[in-house]
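Presented below is the structure to which this report refers.
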Amino acid sequence: MFREGANPDSMDMNDVLCDFCHAVWKEDIPMVEGHRGSCICGKCLRMAWGVVVSNKMNDSQGEATCRMCLEKREDPCYQSPAYEDALICRRCIRMSAHTLRIDDDGAWEMPERSDRVAE
Ligand SMILES: [Zn+2]
Ligand SMILES: [Zn+2]
C-alpha cells in the first residue's frame, strides 16, 4: 500500500508500506508488489509461507478476497494478525516467494524447502 499523502508522481521507497504489517519498505527487506499497489514484505511473506505452505494448511475461509491478486479465492489464505482485512492466498504466497528467491540474489532465503507440495 502507499503511504497516505504520497505523491504518485514521485514515489519513493518510504512511500511504500507492507499491507500486512504496515512497515515501510527498506533496503534490507524485500517487498513484492501485487495489484493496485498492494505489497507484502519478506517478513510477512515468510510468516505466510510458514502458516499456509509449510504447515500444509488446507482450511479455506470460503471466499476470501486476496489483497495481492484482488480475486476471490477459495484456497487457504494467510491473514495478517494485525490487520484483519489483509489476506494473501496460497497462490500469491507461492508466486511472491518465487519472485523473491530469484530477484534477491539468494540473500533472502525461503524458510524451508518444501516446494514439492502437490498443487
Ligand atoms: Zn510486512
Ligand atoms: Zn492472491
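The values are calculated or read from the model by the stated rules, or taken from the named source; none is laboratory data. This is a predicted model, so every value here is computed, not measured. Note that we place each Cβ from the backbone using ideal geometry, even for glycine, and neighbour counts take in every protein chain shown. To get the accessible areas, we keep the full protein, side chains included, count just its heavy atoms, and leave off ligands, DNA and RNA. Shrake-Rupley method; radii C 1.70, N 1.55, O 1.52, S 1.80 Å.
Some observations on this one:
- Matching entry among Cys18, Cys41, Cys77, Cys89 (being within 14 Å of ligand 2 (Cβ to nearest atom) and within 18 Å of Met1 (Cα to Cα)): Cys89
- Count of residues meeting criterion [within 12 Å of Ala86 (Cβ to Cβ), surrounded by fewer than 20 Cβ atoms within 10 Å (Cβ to Cβ) and more than 9 Å from ligand 1 (Cβ to nearest atom)] in segment 11-46: 1
- Of the listed requirements (1) outside any helix (DSSP H, G or I); (2) open to solvent by 80 Å² or more (accessible area, probe 1.4 Å); (3) at pLDDT below 90, Ile102 misses just one: (1).
- Flag set for Ala82, criterion: surrounded by fewer than 13 Cβ atoms within 10 Å (Cβ to Cβ) and within 18 Å of Gly42 (Cα to Cα).
- Scanning segment 47-69 for residues that are over 17 Å from Asp85 (Cα atoms) and open to solvent by 100 Å² or more (accessible area, probe 1.4 Å) gives Asn55, Lys56, Asn58, Asp59.
- Those residues of segment 79-103 which are in contact (Cβ under 8 Å) with a residue 40 or more places away in the chain and within 16 Å of ligand 1 (Cβ to nearest atom), in sequence order: Ser80, Ala82, Tyr83, Ala86, Ile88, Cys92, Ile93, Ser96, Ala97, Thr99, Leu100
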